[in-house]
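Quick notes on the structure that follows.
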Amino acid sequence: MHLPLVSAALTLALASLPSGSSSTLWPFSKLSGATTLTVKDLERELLPRLSESAVLYAEDDPRFKEATARWQWYKAPTVNLVVEASTDEDVSEIVKYANSQNVPFLAVNTGHGSTATLGKFNGIQISLNQLRQIDIQPGGDSAIFGGGVYGGPVIEDLWEKGYVTNTGSCGCVGLLGPGLGGGHGRLQGLYGLISDGFVNLNVVLADGTLVHVSPRSHKDLFWCMKGAGHNFGIVTSFEAKIYPRKVDTWFSKICSFTEDKLERFHELLNELSDKQPPELIHWTLYWNDPDVSTTEPVIHWSFEYIGSEEAARPYFEPFDELGPVSCRSASLPYPKIPQNEGTSAQDPICGKGLQHMQFDAGLVKYNVTAQRAIYNLFAEKVKHDPSLEYSFIVMEGYSLQGVDNVDPAESAFALRDDKLLVAINVQYPPNPSLDDFAIEWGKQTRKLFNDGQPGRRPTTYINYAFGDEPMEAVYGYEPWRLEKLRGLKKKYDPHGRFSYFNPITFEDEAPPSHSPEL
Ligand SMILES: *[C@@H]1O[C@H](CO)[C@@H](O)[C@H](O)[C@H]1NC(C)=O
């Protein structure tokens, strides 16, 4: 991996960001239009209602820039004021206050929400970064987590005490950002999705009420929170299952292949998926890696096994025989795996301030013809401009046993039939003159993935959505799903306060067909 180069690009990108460009509208207009609020108003009216550690600040405060830094700069939400909540009740009070002033609010944890629908937001950011407790419960079957926890510390803290739980694969990403949309991750073969592990959640509803949500309390809402949760509330804390860690080390092997191996490589992956045990995780990139080739994008393959190299050997051996350019392997404790794979909070993939034109698809198998077309398009388009060179195609092949063990009707997560999570990520420092090109390329790639499975309707993992997808692709094609979600949206969020992350909308509100795309 040529990580130093990527870091250089990121530094450049951050340096070139217009400082505070997202917050020039202070004081901001209320939705009703006529009046404005100032920081002083909020200090006087809101702060006294909050706990001692809660703070609020605007653009002129040194904390503002970091608090509003985002992984995705394209269509970033406009934040005028940050309020850091320190307790569950703080979140409730902030929401009640924002509603009384008719000002939109948006809960933010680690700032990885990437869908373009967030661009419609303009208002108060509720930061959850103070809510980071991790408390293992007596008996060791579950832990209570603050709503602001994120992958790296959760993995490290639990592992040290002999446990693991589901998180997303990037160490920088929160548990709930992905979890409220289902939540794929390395441990899903064993334990299902992040949301499959939810025991109960404390949720602030659209009107500011704080409720306890579980299979016994607000059962209908519990169903929503597992797949469509971003539309229904702010989780301030939650209890999730944890599991004894089983092994002391994972085996990791990372290989690079040249493009002439592409067809056979994907055939081997299809054969692997037919016999993939729950302990096996693999993912693939097409990307530029000058250590391997300075002329063509290469295939980067990452293989992880929860157990020993010996146990993993039958699964990786066929790939050795295919003839990689290079491989490296290691046995490591789980907390070291993200770093080894380039997905830790310190790695460039977690860096903030770039634009990511991300378009995804859910597949059942690789179609070799489609993969060739996707690779060729990538090789051509990535040369269009030097600043696009860190773009990549990512194809995640997590195990499925834990996901398949859950009845699909039990949660709002509708895509348990998708076996491979694939996406293009066209990334570059903010530069509007490249946007049309990048979006066009992204859409072409998504279409190639989907055309490779004729007869299967396109699906979108909500956390990878670009924001232009039909609701059915995100929330499920079975008509009962959207009907149920819309009914519960009317019940729990009648005024659409949670309408910025791939919102559930109603037919009568659908934009006219001639309206411009995002
Ligand atoms: C593979 O994808 C191509 C389009 O790229 C399509 O024409 C073909 O039918 C697909 N094959 C299978 C087996 O689905």
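Every read-out reported here was derived from the displayed coordinates using simple, explicitly stated rules and does not represent laboratory data. This structure is a prediction, so every number in the text was calculated from the model and none was measured. Counting neighbours? That spans all protein chains shown, and the Cβs are built from the backbone with ideal geometry, glycine included.
Under 13 Å from a point 7 Å along the Cα-to-Cβ line of Trp480: which residues of the stretch 180-217 have their amide N that close? So the set is empty, nothing qualifies.
With an 8 Å cut-off on Cα pairs and a minimum separation of 6 or more residues, tell me the relative contact order of the chain in percent. It rounds to 17 percent for the chain. A simple count of charges around Ala67, restricted to other residues whose Cβ falls under 9 Å of its Cβ and scoring Lys, Arg +1 and Asp, Glu -1, yields -1.
Summing +1 for each Lys or Arg and -1 for each Asp or Glu among the other residues whose beta-carbon sits under 14 angstrom from that of Val403 gives -3.
Projecting the Cα atoms of Gly174, Ala370, Ala311 onto the charge dipole of the chain, computed from C-beta unit charges around the Cα centre, puts Gly174 farthest toward the positive end. Under a 5 Å amide H cut-off, with hydrogens placed 1.01 Å from N, Asp289 pairs with Val298 among residues at least 5 apart or on other chains. Once the C-beta distance of Asn102 and Glu507 is scaled by a Förster radius of 41 Å, the resulting FRET efficiency is 0.95 to the nearest 0.05.
Rounded to 0.05, the FRET efficiency of the Val247 and Asp291 pair, given R0 = 30 Å and the Cβ-Cβ distance, is 0.45.
One chain, two ends: Asp141 and Lys490. Fully extended at 0.36 nm per residue, the span grows by 122.1 nm beyond their Cα-Cα distance. Protection proxy ranking for 74-81, 180-187, using the average of other Cβ atoms within 10 Å per residue and placing the highest first: 180-187, 74-81.
Projecting each Cα onto the charge dipole of the chain (Lys/Arg +1, Asp/Glu -1 at the beta carbon, about the Cα centre), which of Leu482, Leu128, Val108 comes out farthest on the positive side? My answer, from the dipole projection, is Leu482. Compute the length gained on full extension between Glu309 and Leu322: take 0.36 nm times their separation in residues and subtract their Cα-Cα distance, giving the result in nm to one decimal. Once the chain is fully extended between Glu309 and Leu322, it gains 2.8 nm. For q = 0.19, 0.27 Å⁻¹, what log10 I(q)/I(0) does the stretch 85-151 give under the Debye formula with an equal point scatterer on each alpha carbon and no solvent? For the stretch 85-151 at q = 0.19, 0.27 Å⁻¹, log10 I(q)/I(0) is -0.83, -1.17. What does the charge count near Val213 come to, summing +1 for each Lys or Arg and -1 for each Asp or Glu among other residues with Cβ under 12 Å from its Cβ? Net charge in that neighbourhood comes out at +1. Scalar couplings 3J(HN,Hα) for the stretch 38-43, obtained by applying the Karplus form with A = 6.51, B = -1.76, C = 1.60 to θ = phi - 60°, are 10, 4, 4, 4, 5, 4 Hz; x denotes Gly and Pro.
Across the stretch 134-244, Cα pairs under 8 Å and at least six residues apart give a relative contact order of 31 percent. Under the convention that each Lys and Arg Cβ holds +1 and each Asp and Glu Cβ holds -1, the size of the dipole of the stretch 72-120 around its Cα centre is about 400 debye.
With the helix formula -39500 (n - 2.57) applied to DSSP H stretches of n ≥ 4, the chain reaches a computed 222 nm mean residue ellipticity of -8500 deg cm²/dmol.
Extents of the chain, taken as max minus min of Cα coordinates on every principal axis and listed largest first, are 68, 56, 45 Å.
Shape analysis of the stretch 219-274 yields a ratio of the Cα radius of gyration to the Kirkwood radius, Rg/Rh, of 1.23. Residue separation of Ser86 and Glu45 scaled by 0.36 nm, minus their Cα-Cα distance, works out to 13.0 nm of gained length. Lysine pair count for the stretch 125-278 (Cα-Cα distance under 22 Å; residues 8 or more apart in sequence or on different chains): 8. If a paramagnetic tag sat 7 Å from the Cα of Lys365 along the Cα-Cβ line, which residues of the stretch 254-275 would have the backbone N under 17 Å from that point? The answer is 263-275, whose backbone nitrogens lie closer than 17 Å to the label point. Here Asp220 and Asp260 are evaluated by their C-beta separation; at R0 = 60 Å the FRET efficiency comes out at 0.65. Normalised by residue number, the volume inside the convex hull of the Cα atoms of the stretch 134-244 is 90 Å³ per residue. Across the stretch 372-518, counting alpha-carbon atoms alone, Rg and Dmax equal 17.6, 50 Å.
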